[in-house]
Structure formats: structure tokens, C-alpha cells
Amino acid sequence: MSEKKDKFHDTAIEILNAAQELFYEKGYEKATTREISQKVGISKAALYHHFTNKEEILFKICLRAADELINNMKQAISRNKNLDVPLKEKLKDIMLEYATTYLKNKNFNKILLHEIEFLSPEKKRVILDKETENVHQLRNFLKELMDQGVIKKFDPTVMTFSIISALHWLYFWFKPEKGLSLEKVIEQIAEMYLDGIETKNDL
């Protein structure tokens, strides 16, 4: 990539980062392209050289975060499939990868929850399909474990969404400054799924 293309790409990234912060702070409707361009330090005309309108910026923000989540989940599942470690360690690694990526994009999560409705139906469908792709990755992995007799045969869709829901809710309650690390939280979630919550008393 030439120096000119590098600079063009870097500016586009800066625009997305600035817009993501403003959409998070003010909401999509109230944030303006003028504010975004001022935050980056470029003219409004220069911003439109990179993106056709504010909706495209919102779409690219959503697409970037969704692709990162998909790719990181794919890598985590791939590296754990044939790894000779206990199942609990595999599940912890996959869940931690997902949770780390999800929480890293914390301001994006608020945008996704509240601003996706401002996308056109076509663009919204692309983002929702990305989410579905991610769900299918985890579902397929769990289904393979069931077919191999490694875990009990529950409905794989129920199991998949229960795990993803547990990880998504971290966005609302997990506060690392309270002293509980993300690794410890994930470890406990994995233990609850694999060992259950009932104490095993010998009769």
C-alpha cells in the first residue's frame, strides 16, 4: 500500500473512532458530521471524501465491531478444537476471547443497542446476519461436542444463546474496578455450565 493510501486509510479509521465516541456520548441523531470532522481535525468536505453520509459511518462502525467479534470467536474455536486440554479450559478460552472482544467495544455495544434502527433495512440486515453467523459458530462447536459424547445432549440453540446471553450481560454489570477480574468471572461461568450449581453430597 502506498503512503497516500496509508494516509487515506488512517484518516478513515480516525473518522470511525471519533464518530463512535460521539455516537456513544450524544447519540446518533444529535451527533453531526461537522462535530466528527472537527474532532478528527479535517474539513467536512474531507470527511465526505471518505464516507458518503453519516449513516455509512454508523454502518462501518457496526461492521468493524461485528467482524472483529466473528474473527476472534473463529480463531478461539479453531485453536481449541484439537487442543489436548480439559473441556473446561477450552470453554473458558472461547468465552474469555468473546467477552474480551465484546467488552473492549463497550461504547459500540451501546450504539448497537440504541442506534442500529437508524440504518436502512438492507444495512441493518447485514449487521444482524453477522450476529447470526457468530451464533452459528458457537452452536456448531457445541453440537460437535454433543455428537462426540463430550457434553450432554441439550438443545444446542438453547445452550448457545444461554452462554452468549451470560456474556452479553457482562456489559451491564461487570465492573473490573470492583476487584473481580474478567478471567475469574469467566472461570466461574464455565464452572457453572460444566459442573452445575448443586453440591454433590455422597450418600
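Only the coordinates and a few stated rules stand behind these numbers; no lab work does. All of these numbers come straight from a predicted model, not from anything done at the bench. Backbone-built Cβ (ideal geometry, glycine too); neighbour counts: all protein chains shown.
Descriptive notes on the structure:
- Computed magnitude of the charge dipole of region 89-203 (debye, nearest 20; Cβ of K, R +1, Cβ of D, E -1): 340
- In plain terms, the chain is cut at each of the trypsin sites (Lys or Arg not before Pro) found in a DSSP loop with at most 12 other Cβ atoms within 10 Å, and the longest leftover piece is 31-151.
- For the chain, the longest principal axis of the alpha carbon atoms and the long axis of helix 182-195 meet at an angle near 40°.
- Exposed loop sites are taken as GluC sites (Glu not before Pro) in a DSSP loop (any state but H, G, I, E or B) with at most 12 other beta carbon atoms within 10 Å; the longest stretch of the chain without one runs 30-197.
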